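Since the structure comes first, as structure tokens, the remarks are kept for the end.
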Amino acid sequence: MIGQASLEAKIGGWLGSQKEAMLALLAEVVNIDSGSYDKAGVDAVGRRFIDFFTQHGLVTSREPSEHFGDAIHVRLDDTRSNERPIVLMGHRDTVFPKGEAGRRPFRVEDGRAYGPGVADMKGGLVINAFVLAAFKRFGGAPAPLAGLITSDEEIASPSSRPIIERVARGARCIFNSEPARPNGNIVKGRKGGVFLNLEVFGKAAHSGGNFEKGVSAIGELAHKIVAIHRLTDLAKGITLNVGIVKGGQSVNTTAPQAEGQIDLRYIEPGDRATALAALQEIVDHPTVPGTTAKLDVRGEFRPLTATPESEALFAVYRDAAGDAGFAVAGEFSGGCADSGFTAAVGCPTLCATGAVGGNGHTPEEYLEVDSLVPRAQALALAILRLPADRA
């Protein structure tokens, strides 16, 4: 039986020798376009990870999706267990359009790697992949170890959410490898987010010849936007932003239709229902007579809320990080992630255990190359140091 210290040394040492292999895999997957709606591209990235897992003796399976990329499950072997697994999770879709990888392919410059999705979150997936390979090679996890690679997080996981929630309900804990903050911290809490579409209906009329017969949907939308923005309560962490507006028929026609896309963010789970009720009140009561409106939820994330169990998980990770050579704290983020879904079903969750990076969703997105190996080592050490599952 290999002792704990020896096992930690073997896994940490092997991961320490894999920096160039990690970069090579990262370059391959960054150079494949994988926007959320590009099923072919997202699945191509998935196949590259499946090839990696197969080469390292791991077992994979896919849950197909008609419109989005398939979900990929990873196990160390074919053995089924009643024990709850430790799950390493991440998404492979990006926000970038097709052709972006060709316009600015993967490159390393002054210690930073660049390219679409390099930090958010293909770098985290590479870390997860190598940690899974290390445990396949050396063993030692205190519970079954599994991986989940999803396909549509950037658009609120319309196909992956049921899979994520099912996996989380049966898991012991989740490490979600979103990028660590630029200062190196991981994320212990996140806001929830609801993405809505508000559509307003009026009546068209010639704005010169029959102005009085028209009813402006744009005019009503303007009133509603002001009212919606007033719902923001920064002290409670509730924000509402109408980020996109469009409507109208022509400059000389009173607008028969207009719409606005709304981003609602909140911290406390109960504030979701309160804010949605206030929004509906605005929708139901027009200022411009003769207009009507409707509100539709287009997607949402649940908040990542810290619990005693997730705090205990963080304590293990923090100590492991110290032994891997870096200090880490946990912080709160206003951004949303799939980790909110796992926390909402009661699974202890840590988020942003991926590589250090920043400027996500922009052409300046970067990943700190020298963070790949230590973050992989910290994740592996944290897994090794979890107590045996007694549930």
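The values are calculated or read from the model by the stated rules, or taken from the named source; none is laboratory data. Keep in mind the model is a prediction, meaning the values are calculated, not measured. Don't worry about glycine lacking a Cβ; one is built from the backbone with ideal geometry, like all the others, and counts go over all protein chains shown.
Sort through ALA27, ALA119 and tell me the only one that's in a helix (DSSP H, G or I), within 15 Å of TYR366 (Cα to Cα) and touching a Gly at 6+ places or on another chain (Cβ under 7 Å). Step through it out loud before you land on a result.
Numbers: ALA27 fails: touching a Gly at 6+ places or on another chain (Cβ under 7 Å).
One residue alone meets the criteria, ALA119.
Taking the condition farther than 30 Å from LEU372 by Cβ, in contact (Cβ under 8 Å) with a residue 60 or more places away in the chain and either in a strand (DSSP E or B) or outside the structural domain of LEU145 (by TED's automatic domain parsing) (or both), does GLU212 pass? Break it down stepwise before answering.
Working: farther than 30 Å from LEU372 by Cβ: yes; in contact (Cβ under 8 Å) with a residue 60 or more places away in the chain: no; either in a strand (DSSP E or B) or outside the structural domain of LEU145 (by TED's automatic domain parsing) (or both): yes.
No; evaluated as a whole, the condition is false for this residue.
Might you let me know whether the range 57-64 holds any residue that is assigned by TED's automatic domain parsing to the domain that holds TYR114 and assigned to a helix (DSSP H, G or I)?
Residues of the range 57-64 that are assigned by TED's automatic domain parsing to the domain that holds TYR114, as a first pass: 57-64.
Okay, now just the ones that are also assigned to a helix (DSSP H, G or I), so none.
For the range 57-64, residues assigned by TED's automatic domain parsing to the domain that holds TYR114 and assigned to a helix (DSSP H, G or I): absent.
Go through the range 89-105 residue by residue and tally those that are over 22 Å from ILE155 (Cβ atoms) and buried (at least 22 other Cβ atoms within 10 Å of the Cβ).
Qualifying residue count for the region: 0.
From the list ASP296, ASP284, ASP319, which residue is touching a residue at least 12 places away in the same chain (Cβ under 8 Å) and in the same structural domain as GLY219 (by TED's automatic domain parsing)? Quick ask: steps written out before the conclusion?
Numbers: ASP284 fails: touching a residue at least 12 places away in the same chain (Cβ under 8 Å); ASP319 fails: in the same structural domain as GLY219 (by TED's automatic domain parsing).
When all the criteria are applied, what remains is ASP296.
Identify, from the list ARG318, ARG302, the residue that is of a type outside the set (S, T, N, Q) and touching a Phe, Trp or Tyr at 6+ places or on another chain (Cβ under 6 Å).
Values: ARG318 fails: touching a Phe, Trp or Tyr at 6+ places or on another chain (Cβ under 6 Å).
Result: ARG302 is the single residue among ARG318, ARG302 that is of a type outside the set (S, T, N, Q) and touching a Phe, Trp or Tyr at 6+ places or on another chain (Cβ under 6 Å).
Among the numbered criteria (1) among the hydrophobic types (A, V, I, L, M, F, W, C); (2) within 22 Å of the chain's Cα centre (by Cα); (3) crowded, with 16+ Cβ neighbours inside 10 Å; (4) part of a helix (DSSP H, G or I), which one does LEU15 miss?
Among (1) among the hydrophobic types (A, V, I, L, M, F, W, C); (2) within 22 Å of the chain's Cα centre (by Cα); (3) crowded, with 16+ Cβ neighbours inside 10 Å; (4) part of a helix (DSSP H, G or I), the lone unmet condition for LEU15 is (2).
Please find, within the range 348-391, the residue that is surrounded by the most Cβ atoms within 10 Å (Cβ to Cβ) out of those that are among the polar types (S, T, N, Q) and in contact with a helix residue (DSSP H, G or I) (Cβ under 6 Å, 6 or more places away or on another chain).
The residue in question is THR349.
From the list ALA275, ALA255, ALA306, ALA293, pick out the single residue that is over 27 Å from GLU154 (Cβ atoms), among the small types (Gly, Ala, Ser) and not in a strand (DSSP E or B). Step through it out loud before you land on a result.
On the way: ALA275 fails: over 27 Å from GLU154 (Cβ atoms); ALA306 fails: over 27 Å from GLU154 (Cβ atoms); ALA293 fails: not in a strand (DSSP E or B).
When all the criteria are applied, what remains is ALA255.
From the list ILE174, ILE164, ILE149, pick out the single residue that is touching a strand residue (DSSP E or B) at 6+ places or on another chain (Cβ under 8 Å), buried (at least 22 other Cβ atoms within 10 Å of the Cβ), farther than 23 Å from GLY35 by Cα and assigned by TED's automatic domain parsing to the domain that holds GLY69. Steps first, please.
Values: ILE164 fails: farther than 23 Å from GLY35 by Cα; ILE149 fails: farther than 23 Å from GLY35 by Cα.
None of the other options fit; the residue is ILE174.
With respect to VAL108, determine if the residue is surrounded by fewer than 24 Cβ atoms within 10 Å (Cβ to Cβ), at pLDDT 95 or above and either part of a strand (DSSP E or B) or not assigned by TED's automatic domain parsing to the domain that holds CYS347 (or both).
yes
Being touching a Lys or Arg at 6+ places or on another chain (Cβ under 6 Å) and in a strand (DSSP E or B), is that true of even one residue in the range 230-241?
Taking every residue of the range 230-241 in turn, at least one turns out to be touching a Lys or Arg at 6+ places or on another chain (Cβ under 6 Å) and in a strand (DSSP E or B).
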